[in-house]
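The values are calculated or read from the model by the stated rules, or taken from the named source; none is laboratory data. Nothing here was measured: the structure is a model prediction, and the numbers come from that model. In this analysis, Cβ positions are derived from the backbone assuming ideal geometry, glycine residues included, and neighbour counts consider all displayed protein chains.
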Amino acid sequence: MSPHEHSPPPAAGPTRDTGRIPGPDLARGIMLLLIVLANTTFYLYGRPSSPAGVQPADGSTADRIVQALLITMVDLRVYPMFAFLFGYGLVLIHRSRQNRGLDEPAARRQVQRRNLLLLAFGAVHALLLWGGDVLGAYGLTGLLLVWLFLRRSDRTLLAWAGAGTGLLLTLTVLVTLDALAVLAGDRTAGDPGSGVFALARASVSAEDPLQAAAARMTMWPVMSLAIQGLLGMVVPVSILLGIWAARRRVLERPWEHRRLLWTTAVAGIAVGWIGAAPQALTHVGLLDGLVPVMGSFTVPHLLTGLACGLGYVAVFGLVGGRLVGRPLGPAGSAVVAVGKRSMTCYLAQSVICAPLLAAWGLGWGAQLSSAGMAAFAVGVWLLTVAYAVVLERRGRTGPAEALLRRLTEGRPRVVAGS
């Protein structure tokens, strides 16, 4: 099949006059809480790191509980959720441009312009604040996948997503065999993630702002290509599945896809949490025998994180379906307000965290414990919630979304005499 093969229209089915479905926005809103919990862990510099990952190697009982929960439920489990929603959004944007009267090639060009702008936004974000930026990774991956797959059939999308997952599974088997060889004393262990962790630590522990910026810009392309981008397989697989799901309107019409959503939620989260158990248990000292091979668990953690992220999305799809036609209440409405301004709130997290936590700023990251940092992260998220609620009440979109739309679409044309 050629890259220009047209996909069939979504299957017809019953529709409801429901307006905006809350599921995707709820997912984005909660996702941003998980993102700030994951990212602020990297700011805990100036102390030894655990062999099980970026978490500190020591801490109180409360710290240990927080660390184990983050390893199990958050680490490498959030960005597949983000990538799936990004892919889903690509189709919604493409569809909305066509509904406004653009032909398919023009609508696709706007989607690609938006992806290119996300890459630029990500570069500025990394240069100024946070080297673990995901906007650039998703913009770059989106450029390639829209070009290759946006007009291809559902079967092709699923085949390539399956191939990417199969590659991850193969690598998981190989690194597991390698870990067994290490435990048997046949060879020494490697740690493919140690270089990225070292760059992340350098980017937040450098007191010189220029050195910190250089570390961030060294870290960003590695993250954008290897961990959170094309070469890591998780992001392209998630985006392809998001495109497929958007064609089927899985999150917009969750009542038509209950079995799929329930299966994905239960199986995905179970695989994700069980798959993270060896790292969590090793971190808290219950599986010390696995310490020599913890570096080998990066790829399995990626694979089970993919399943977990998809499971999280499915949960919010089910919740969104239950909330259709019902009042969301203050809490639900606040989370939806964040989800509708997810890019603004994501960038706002870095605007708050970097100057307060990094060594080139106030350096709080060297003082906080894991539990204290988790509380700080929740506080940052709540600040973005309050900001989003204010914007929602004023009927305003987020400034980042407004800028991105303006740069993508250009200034609105003024008709003479209007």
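Results for (1) crowded, with 22+ Cβ neighbours inside 10 Å; (2) within 16 Å of GLY23 (Cα to Cα), shown as yes or no for each residue.
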| residue | (1), (2) |
| --- | --- |
| THR218 | no, no |
| ALA226 | no, no |
| GLY229 | yes, no |
| VAL234 | yes, no |
| GLY242 | yes, yes |
| LEU251 | yes, yes |
| ALA270 | no, no |
| ILE274 | no, no |
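Would you be able to say whether some residue in the stretch 312-326 is touching a His at 6+ places or on another chain (Cβ under 8 Å) and buried (at least 22 other Cβ atoms within 10 Å of the Cβ)?
Looking for residues that are touching a His at 6+ places or on another chain (Cβ under 8 Å) and buried (at least 22 other Cβ atoms within 10 Å of the Cβ), one finds at least one in the stretch 312-326, hence yes.
Does ALA270 satisfy the condition of being under 18 Å from VAL175 (Cα atoms) and among the small types (Gly, Ala, Ser)?
Criteria not met by ALA270.
Need the failing condition index for ALA107 against (1) of a type outside the set (Phe, Trp, Tyr); (2) in a helix (DSSP H, G or I); (3) touching a Ser or Thr at 6+ places or on another chain (Cβ under 6 Å), just the number.
Unmet condition: (3).
Scan the stretch 73-89 for residues that are within 10 Å of the chain's Cα centre (by Cα) and in a helix (DSSP H, G or I) and jot them down.
Answer for the stretch 73-89, where residues must be within 10 Å of the chain's Cα centre (by Cα) and in a helix (DSSP H, G or I): TYR79, PRO80, MET81, PHE82, ALA83, PHE84, LEU85, PHE86.
Only residues that are surrounded by fewer than 22 Cβ atoms within 10 Å (Cβ to Cβ), closer than 22 Å to GLN55 by Cβ and small (Gly, Ala, Ser): list them for the stretch 196-216, please.
ALA198, ALA202, SER205, ALA206, ALA215
Please indicate, with yes or no, whether at least one residue in the stretch 323-331 is under 20 Å from HIS125 (Cα atoms), free of Cβ contacts under 8 Å to residues at least 60 places away in the same chain and either small (Gly, Ala, Ser) or assigned to a helix (DSSP H, G or I) (or both).
No, because not a single residue in the stretch 323-331 is under 20 Å from HIS125 (Cα atoms), free of Cβ contacts under 8 Å to residues at least 60 places away in the same chain and either small (Gly, Ala, Ser) or assigned to a helix (DSSP H, G or I) (or both).
Residues in the stretch 125-136: is at least one of a type outside the set (Val, Ile, Thr), in a helix (DSSP H, G or I) and surrounded by fewer than 22 Cβ atoms within 10 Å (Cβ to Cβ)?
Yes, some residue in the stretch 125-136 is of a type outside the set (Val, Ile, Thr), in a helix (DSSP H, G or I) and surrounded by fewer than 22 Cβ atoms within 10 Å (Cβ to Cβ).
May I ask you to list pairs of residues, at least six apart or on different chains, whose Cβ atoms are under 6 Å apart, with the first in the stretch 19-36 being within 13 Å of TYR88 (Cβ to Cβ) and modelled with pLDDT of 95 or more and the second being of a type in the set (Ser, Thr, Tyr) and not in a loop (DSSP other than H, G, I, E, B)?
none
Which of the following residues is under 30 Å from MET294 (Cβ atoms) and surrounded by fewer than 19 Cβ atoms within 10 Å (Cβ to Cβ): THR61, THR156?
THR61
Assess whether ALA359 counts as being among the aliphatic types (A, V, I, L, M), touching a residue at least 12 places away in the same chain (Cβ under 8 Å), more than 23 Å from ALA213 (Cβ to Cβ) and surrounded by 17 or more Cβ atoms within 10 Å (Cβ to Cβ).
no
In the set ARG216, ARG249, which member is assigned to a helix (DSSP H, G or I) and charged (D, E, K, R)?
Matching residue, one of ARG216, ARG249: ARG216.
Looking at the stretch 76-91, I want the residues that are surrounded by fewer than 24 Cβ atoms within 10 Å (Cβ to Cβ) and have a partner that is at pLDDT below 90 with Cβ atoms under 9 Å, at least 6 apart or on another chain. Which pairs are those?
Close Cβ pairs satisfying both conditions: GLY89/PRO24.
Let's see how each residue does on (1) of a type in the set (A, V, I, L, M, F, W, C); (2) closer than 30 Å to ARG259 by Cβ:
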residue: GLY329; (1), (2): no, yes
residue: ARG341; (1), (2): no, no
residue: SER350; (1), (2): no, no
residue: GLY363; (1), (2): no, no
residue: LEU368; (1), (2): yes, no
residue: MET373; (1), (2): yes, no
residue: LEU383; (1), (2): yes, no
residue: ALA388; (1), (2): yes, no
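So which residues in the stretch 36-54 are over 15 Å from VAL78 (Cβ atoms), touching a strand residue (DSSP E or B) at 6+ places or on another chain (Cβ under 9 Å) and not hydrophobic (A, V, I, L, M, F, W, C), if there are any at all?
The answer is ARG47, PRO48, SER49, SER50.
Taking the condition of being assigned to a loop (DSSP other than H, G, I, E, B) and not hydrophobic (A, V, I, L, M, F, W, C), how many residues in the stretch 359-409 meet it?
9
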